[in-house]
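*Asks:* One structure is given below, represented as structure tokens, and several questions about it will come after.
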Amino acid sequence: MKVYRCPHCNEQFQSESEGVVQCPNCDSEVRVSEPPQDGAPWDHGEGSWVNAYISTIKLSFSRPTYFFSSVARSADMGKPFVFAIINAAIVAVIVAAYQIGFQTFLAGAQVAASVESLVSALSGPVATLVGVLIMLVVVPLLTSIGLFISSGIYHLCLMLLGAATKPFVHSFRVVCYSSGPQLLQVVPIAGGMIAGIWQLVLTIMGLKTVHETTYGKVVIAVFLPMLLCCGFLVMFFAVIAGGIVGSILSGVAGG
């Protein structure tokens, strides 16, 4: 049983449920909800790290607004960074397992077809294993660089729009804790696309909640770098195309 205060009559009342309830003092409808905690479950570290990890993933998926309200109430960078690295490592390991399994299957098929192809059959899994070991080192490094770069760009764009009401660390925490959907990459075919879209949606919701701004400004801040890159590419290719057309026309005129 939790205690809430009615905004209509300013009297306190108790309620066991969340959502819209009726104030027992003035009979007005009041929306009540559990106050957000300070930080995500991963920040608290309650119980085993596995339980904290699973709780963080579930909460970010099921109650993103509440989740990022909690994320905004802490300023730690280390734990969310580790959380994002773990996500990337899990995806890398599972994808690597797929590749090793597929290469092993092909090797077995080649050996069954011809004993003479044993050497060439084994070269595939060995090369894949070496590539996997390299990937397990490169993925965390690239993930770390990507987290800081994307967080910095988002925060800079929010600052330009006057929507960055919190320090950079809060934007960084949002980007890290929005990486949960990356686990969907293990789903064949459509997993990568779904993961990317879902992560983008969580990032937008998280930045909006943490910085207490509007969705419009956040969407602009998130897509502005993409639009600028596309604009520069269009200008670059337009200049090249113009140079080629100019050269052709000058050659024709000279001839």
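Values quoted throughout were computed directly from the atomic coordinates according to the rules given, and no laboratory measurement underlies them. Since the model is a prediction, treat every value here as computed from it, not as a measurement. Every residue, glycine among them, receives a Cβ derived from its backbone with ideal geometry; neighbour counts consider all protein chains shown.
*Asks:* Among Arg5, Arg73, which comes first, second and so on when ranked by fewest other beta-carbon atoms within 10 Å?
*Replies:* By the 10 Å Cβ count, ascending: Arg5, Arg73.
*Asks:* Counting only the backbone N, which residues of the range 79-98 are under 19 Å from the spot 7 Å out from the Cα of Val169 toward its beta-carbon?
*Replies:* The answer is 79-85.
*Asks:* Another question about this same structure. Enumerate the calculated ³J(HN,Hα) couplings along the range 19-24 in order (Karplus 6.51 cos²θ - 1.76 cosθ + 1.60, θ = phi - 60°), each rounded to whole Hz, writing x wherever the residue is Gly or Pro.
*Replies:* Values, residue by residue: x, 8, 10, 9, 5, x Hz.
*Asks:* Continuing with the same structure: How charged is the neighbourhood of Leu202? Take every other residue with its Cβ under 14 Å from the Cβ of Leu202, and add Lys/Arg as +1 and Asp/Glu as -1.
*Replies:* +4
*Asks:* OK, next. Return a whole-number percent for the relative contact order of the range 143-213, with Cα pairs under 8 Å and 6 or more residues apart as the contact set.
*Replies:* Relative contact order for the range 143-213 comes out at 32 percent.
*Asks:* Same structure, new question: Report the calculated FRET efficiency for Gln14 and Val239 (r = Cβ-Cβ distance, R0 = 45 Å), to the nearest 0.05.
*Replies:* Result of the calculation: an efficiency of 0.05.
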